[in-house]
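J.: Below: one structure in structure tokens.
The values are calculated or read from the model by the stated rules, or taken from the named source; none is laboratory data. Because the structure is a prediction, the values reported are computed rather than measured. All Cβ positions, even for glycine, are placed from backbone atoms using ideal geometry, and neighbour counts span all protein chains on display.
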């Protein structure tokens, strides 16, 4: 099965946001990946609700919203109102993860959990069956364009084993440093969704690059 490709809008040209959204609409990508950073959980600030609402206005595909923020449960209803279809919170930032999942699903969204590079997959043992998506960070969250962490292949394989063992329906997603050079190895390890930012948006032909990642 071909992977889901989710171009990360953080790498788009914000002076031409509508143009870049229309490019994703016209491409083989299935999702828009939206990185929300608060300058506290990660050392960077990205964008908030007004920008996400603007993206949603132009997007014809689901918004895959990744919250890199402290206390993400505070804003679940607001992200639903902005158009989020999938809402992913970090294991490291969510003290009551099961409760947060329940609140996300109560709003009609899919619930995802993200793991930082240093966090072992084993911490998801008791929540994997409730997850709709498990996001493995292959760089330290906060900035685009970072170098891919090689240990990610092992973590993806461990996640696949956990998903199968717990009868989870979770999609395994990888975010950070994804290119055509490592996409196949990630898919072979068990990844089903790939987030790509600068690799797509800095390409001469982003639509062809997305197709290349899918193939």
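J.: Based on what the data block shows, is residue 174 under 19 Å from residue 200 (Cβ atoms) and without any contact (Cβ under 8 Å) to a residue 40 or more places away in the chain?
T.: Taking the combined requirement at face value, the residue satisfies it.
J.: Which members of region 75-93 meet the condition of being over 18 Å from residue 49 (Cα atoms) and surrounded by fewer than 21 Cβ atoms within 10 Å (Cβ to Cβ)?
T.: 91, 92
J.: Across region 37-47, which residue is surrounded by the most Cβ atoms within 10 Å (Cβ to Cβ) among those that are without any contact (Cβ under 8 Å) to a residue 40 or more places away in the chain and in contact with a strand residue (DSSP E or B) (Cβ under 9 Å, 6 or more places away or on another chain)?
T.: Of everything passing the filter in region 37-47, 46 is surrounded by the most Cβ atoms within 10 Å (Cβ to Cβ).
J.: Of everything in region 103-120, what is touching a strand residue (DSSP E or B) at 6+ places or on another chain (Cβ under 8 Å) and either within 16 Å of residue 173 (Cβ to Cβ) or modelled with pLDDT under 95 (or both)? Give them in sequence order.
T.: 104, 109, 110, 111, 112, 113, 114, 115, 116, 117
J.: Taking the options 72, 50, 117, name whichever one is surrounded by 15 or more Cβ atoms within 10 Å (Cβ to Cβ), touching a helix residue (DSSP H, G or I) at 6+ places or on another chain (Cβ under 9 Å) and farther than 25 Å from residue 179 by Cα.
T.: 72
J.: Which residue pairs have Cβ atoms under 6 Å apart, sit 6 or more places apart or on different chains, and have a first residue in region 108-125 that is within 11 Å of residue 87 (Cβ to Cβ) and a second that is modelled with pLDDT under 95?
T.: Short answer, once both residue conditions are applied: none.
J.: Give the residue, chosen from 100, 88, that is within 18 Å of residue 66 (Cβ to Cβ), in a helix (DSSP H, G or I), touching a strand residue (DSSP E or B) at 6+ places or on another chain (Cβ under 9 Å) and at pLDDT 95 or above.
T.: 100
J.: Please work out which one of (1) closer than 25 Å to residue 73 by Cβ; (2) at pLDDT below 95; (3) out of contact with any strand residue (DSSP E or B) (no Cβ under 9 Å at 6 or more places or on another chain) is the condition residue 129 fails and give its number.
T.: Among (1) closer than 25 Å to residue 73 by Cβ; (2) at pLDDT below 95; (3) out of contact with any strand residue (DSSP E or B) (no Cβ under 9 Å at 6 or more places or on another chain), residue 129 violates only (2).
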